[in-house]
Amino acid sequence: MAVVGLIPVLPAYSAPDGVHLLVWCAHCRRYHRHRAPITSAPRLAHCAPDSASPYNCSGYKLLDAGPATPAVIRDAGFPHPR
Ligand SMILES: [Zn+2]
């Protein structure tokens with residue numbers, strides 16, 4: 001995990017719908033979905049509010065990791081394009 005200042009940077013994969021980004025959260029052990037596009041602004045964490053995830057305090061920035069692979073799409077439970 002790259003860190004810029006105190007805000008972590010997480011890889012974000014582009015979902016096949018062109019709208020969502022799939023971001024693996026090591027604290028929740030699942031993918032969070034965010035809206036494209038990726039900007040330099042920190043995102044609010046999609047971790048459960050009552051979880052111990054440090055992202056709830058820091059938020060995180062997104063780094064373009066390219067198109068989601070079939071494995072990422074499957075693991076994220078994202079619907080496949082028709
Ligand atoms: Zn999380």
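Readers should treat all values here as calculations from the given coordinates under stated rules, not as data from a laboratory. Bear in mind the structure is a predicted one, so any value in this text is a computation, not a measurement. Cβ: placed from backbone, ideal geometry, glycine included. Neighbour counts: every protein chain shown.
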Reduced Cα scattering model of the chain, Debye log10 I(q)/I(0), q = 0.27 Å⁻¹:
-1.40
For segment 46-52, Karplus-derived ³J(HN,Hα) couplings (6.51, -1.76, 1.60; θ = phi - 60°; whole Hz; x for glycine and proline) come out as 9, 6, 4, x, 9, 7, 8
Estimated inter-spin distance, Ala36 and Arg74, nm [label 7 Å along Cα→Cβ]
2.3
CD proxy at 222 nm, helix term only [per DSSP H run n ≥ 4: -39500 (n - 2.57); per residue of the chain; nearest 500]:
-2500 deg cm²/dmol
Going by Cβ distance under 4.7 Å, what cysteines of the chain have no possible disulfide partner?
Cys47, Cys57
Computed magnitude of the charge dipole of segment 15-75 (debye, nearest 20; Cβ of K, R +1, Cβ of D, E -1)
40
